[in-house]
1. With springs connecting C-alpha atoms under 10 Å apart, model the chain as a Gaussian network and identify which of 300, 124, 86 has the largest mean-square fluctuation.
2. Hydropathy at least -0.5 by Kyte-Doolittle, axial extent at least 20 angstrom from the Cα trace: which helices of the chain, defined as entire DSSP H runs, fit?
3. Quick one: which of 68/405; 36/405; 206/357; 108/176; 298/357 span more than 18 angstrom between C-alpha atoms?
4. Between residue 349 and residue 178, what is the FRET efficiency for a Förster distance of 51 Å, r being their Cβ-Cβ separation, to the nearest 0.05?
5. Going by amide H atoms built from the backbone, whose H comes under 5 Å of the H on residue 276, apart from near neighbours?
6. Hey, got the dipole for the chain? About the Cα centre, +1 on K and R Cβ, -1 on D and E Cβ, debye to the nearest 20?
7. Please report the antiparallel percentage of DSSP beta bridges with both residues in the chain, rounded to the nearest 5.
8. With label points built 7 Å along Cα→Cβ from the Cα atoms of residue 365 and residue 40, find their separation and express it in nm.
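We did not get these values from a lab; they are worked out from the coordinates using the rules stated. Predicted model only: the values in this text are computed from it and were never measured. Positions of Cβ are backbone-derived with ideal geometry, glycine not excepted, and every protein chain shown enters the neighbour counts.
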Amino acid sequence: QHCFKKSGDGFLYCEGVKVEDVMETVERRPFYLYSKPQITRNVEAYKAALEGLNSIIGYAIKANNNLKILEHLRGLGCGAVLVSGNELKLALLAGFDPTKCIFNGNGKLLEDLVLAAQEGVFVNIDSEFDLDNIVAEAQMLRYGGVSNWLWMAREEVHPYVATGNKSSKFGIRNEKLQWFLDAVKAHPQELKLVGAHCHLGSTITKVDIFRDAAVLMVNYIDEIRSQGFEINYLNIGGGLGIDYYHSGAVLPSPRDLICNYYTVRELVLSRKLNLIIEPGRSLIANTCCLVNRVTGVKTNGTKNFIVIDGSMAELIRPSLYDAYQHIELVSPPPPEAAISRFDVVGPVCESADFLGKDRELPAPTRGTGLVVHDAGAYCMSMASTYNLKMRPPEYWVEEDGSISKIRHGETFEDHLRFFEGL
Ligand code: LLP
């Protein structure tokens, strides 16, 4: 069951609420519209896949850091995966249990490590200097974990979202494992090794490599245990992709990820491990659309353009990664509307400012609603104020079909505040 659906009348609905009606009731500017029930359903799918395992669903906050969404995910039992001190502070504000939080990152700052130590969150060791920093700040540190990043990911993902390869800036090469184990042994007061972590990359649409990674990791865990460490956590990271193309292709589900043949599930059970997963995109991307209005339609040479009020400032994934996100009009076209190929572009002063290229759409009239789908992950959290486009407001449809604002849109006055008193 998916929250956004074109109904027989040609209008787009979110959980039964007409998106065009929402546009009439909210501020006149681009906005993000989420389905709260879809967030719940996505978490439930993971929970069902993890049933019978000791596990933590560590939601990757970088994907979407809306406080209301974080509180909802926390209420559903999720933990949190953090990559900065501010993400950690926000997770604590949202009420996440620190013992279900994991602090990752290749450039953790000393002050953020202190906070992590005080709060008792899991800390991933990413490098030699990271270990030195953690030891330096670790009088209070409760946990450490070896981040044993793999170099075996062969999935074809955009180079900017690939992390698990040989010369990645992230993690520790496998052949350095013994050096790190010795370093941990040398600091029994400061470090307690509790688990091993890997993350393969993002937008992964084949689950086999998760299983292959889990096999490798469990072998490392056997070796680490044989040296007297009592480690109990396997963290297989995030990275499960979603159907951005709306092609109807069946993509792997959380159940496929955890319970696939010769599975992560069996491996974890056989070693009596707690499983940590770190989903971002697969929990939140499909719960949201960016809702825009058509400003006008123009043609230059052989190219047709739909110009909308939203842009790369609100949603940068197409510009940055050449990512495809599905685009639709929220209302049926007038009968005379011709279908053409359009680039859907914003008003930002960059040729890279596009939301979609070569999309077949009926020529829309000014003011028509146009949505960019699957905008829940890495869209608002990567938004900028370039060209002084202010970050958009966010709304969600509640279980009872009512609409609530879950974040104010930034205003010009907000911007001026940076200069007050200077
Ligand atoms: N764990 C670690 C260590 C990560 O680096 C990431 C994402 C995740 C978990 C969550 O991965 P997910 O389940 O969301 O794929 N901005 C890019 C994606 C960057 C992902 C960075 N790391 C995009 O818009 O596609």
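1. 300
2. The qualifying helices are 208-226.
3. Over 18 Å Cα-Cα: 206/357; 108/176.
4. 0.45
5. Here the answer is 56, 234, 235, 236, since their amide H atoms fall under 5 Å of that of residue 276.
6. 360
7. Expressed as a percentage, antiparallel bridges in the chain total about 50.
8. If labels sit at residue 365 and residue 40, their model points lie 3.9 nm apart.
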